[in-house]
């Protein structure tokens, strides 16, 4: 699969509106395969529950946003965290993360905004600049940097896989290199707020505090309550 082409729909939800395709790239929250950097402070099962909650929060937010299409680009299989309607589900391609992100954009015929699954605190307000009616008149790309040096969001008015291929991923220089790739291509870049990813145990409580009432915050609270018994 070269990108988000035809895939299974998550259900009969309301049709999308707007001009931008919204992409969420994610991994099925299987214990031992996700959020391994939370261990040993968290068990593999606890880490997977937090990952599932963060993904569910992200998808729920995306479902409220105006979009031409909503696509979950998934490694693995859908689970109960997937909303009943509104998403096409397509498999990730093989290769490194830069190749998988590039392939996700390659399947889009117009403006596209990609999010990860590690920022459950993201809201419609945070994303509003990139989804405003004049978003693509004001910028050719939108960039959401993360505190650890990566990025949590990337939007392209004209998706070009070459803008991502070869960018070293999962380093403290990833965001800087990716943003420079955009500006070196002559693109006008609009910036979204800096957010914290949930990558390590130190991130968990802080991000939960930034998203009170979220599934992620409840999962963190449930775990703390269980540990106190």
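Tabulated data for the structure shown
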| quantity | calculated |
| --- | --- |
| Footprinting exposure proxy for 39, 169, 117 (fewest neighbouring C-beta atoms within 10 Å first) | 39, 169, 117 |
| Rg(Cα)/(2.2 N^0.38 Å) for segment 115-219, N = residue count | 1.12 |
| Within segment 127-147: backbone nitrogen closer than 17 Å to the residue 180 label point (7 Å, Cα to C-beta) | 145-146 |
| Pairwise label distance in nanometres, residue 124 with residue 205, each label 7 Å out on the Cα-Cβ vector | 3.3 |
| Beta bridges per DSSP with both ends in segment 8-228, % antiparallel, nearest 5 | 35 |
| Computed FRET value (nearest 0.05) for residue 173 with residue 30, which takes r as the C-beta separation and R₀ as 30 Å | 0.55 |
| Volume in Å³ per residue [convex hull over Cα atoms, computed for segment 13-105] | 91 |
| Distant alpha-carbon pairs in segment 90-130 (separation over 14 angstrom), percent | 59 |
| Candidates 73, 204, 90: whichever shows maximal mean-square fluctuation once the chain is modelled as a Gaussian network with Cα springs under 10 Å | 204 |
| Part-to-part distance (alpha-carbon centres) for segment 16-78 and segment 145-208, which is given in Å | 17 |
| For the chain, built as a Gaussian network whose Cα springs stay under 10 Å, the top-fluctuating residue of 91, 193, 29 | 193 |
| Calculated on alpha-carbon atoms, Rg and Dmax of segment 8-228 in Å | 16.6, 54 |
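Throughout, read-outs are computed from the coordinates displayed, never taken from laboratory work. What you see is a predicted model; the values in this text were computed from it and never measured. Backbone-built Cβ (ideal geometry, glycine too); neighbour counts: all protein chains shown.
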